[in-house]
Amino acid sequence: MSTDRKSIPVSLPQGLVEELDELVDEGKFGSRSEALRYGARLVAREAQQKRMHERTGDAAEQDIEDRLERKRVR
């Protein structure tokens, strides 16, 4: 095992295990572990994009408030 990876125990419903095995059998992934790593990356990327979107929205909202405040002061 590579030093940049950590092994973690995972429990999955039987149906999901069967789906993973089918993906491996079809050649979409080399192993269950590869499929699970792919899924984990997707989840992490989605969470990162959501956080980025929220920060961008917060920054835009603050920019609008700042501009409105500058107009009121004049």
For the chain, dividing by residue count, accessible area per residue (probe 1.4 Å) in Å² works out to 93
Within the stretch 1-40, trypsin sites (Lys or Arg not before Pro) in DSSP loop having at most 15 other beta-carbon neighbours inside 10 Å:
Arg5, Lys6, Lys28
In whole percent, how big is the carbon plus sulfur part of the accessible area of the stretch 34-74, probe 1.4 Å, protein atoms only?
53
Of Glu19, Glu46, which has the most accessible area and how do the rest follow, probe 1.4 Å?
Glu46, Glu19
Return the calculated 222 nm mean residue ellipticity for the chain, to the nearest 500 deg cm²/dmol, obtained by summing -39500 (n - 2.57) across DSSP H runs with n ≥ 4 and dividing by the residue count.
-26000 deg cm²/dmol
Expressed to two decimals, the chain has a Cα Rg over Rh, using the Kirkwood radius, of 1.36
Let me know the shape class of the stretch 1-41, please: from the alpha-carbon gyration tensor, a ≥ b ≥ c as square roots of the eigenvalues, rounded when a/c is under 1.5, otherwise prolate if a/b is greater than b/c, or oblate.
oblate
0 to 90° range, to nearest 10: angle between helix 14-25 axis and the chain longest Cα axis
80
Using alpha-carbon coordinates, inclination of helix 32-73 to the longest axis of the chain, degrees:
0
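The values are calculated or read from the model by the stated rules, or taken from the named source; none is laboratory data. All values derive from a computational prediction rather than experimental measurement. We place every Cβ from the backbone using ideal geometry, glycine too, and count neighbours over all the protein chains shown. All accessible areas refer to the heavy atoms of the entire protein, side chains included, with ligands and DNA or RNA removed. Shrake-Rupley method; radii C 1.70, N 1.55, O 1.52, S 1.80 Å.
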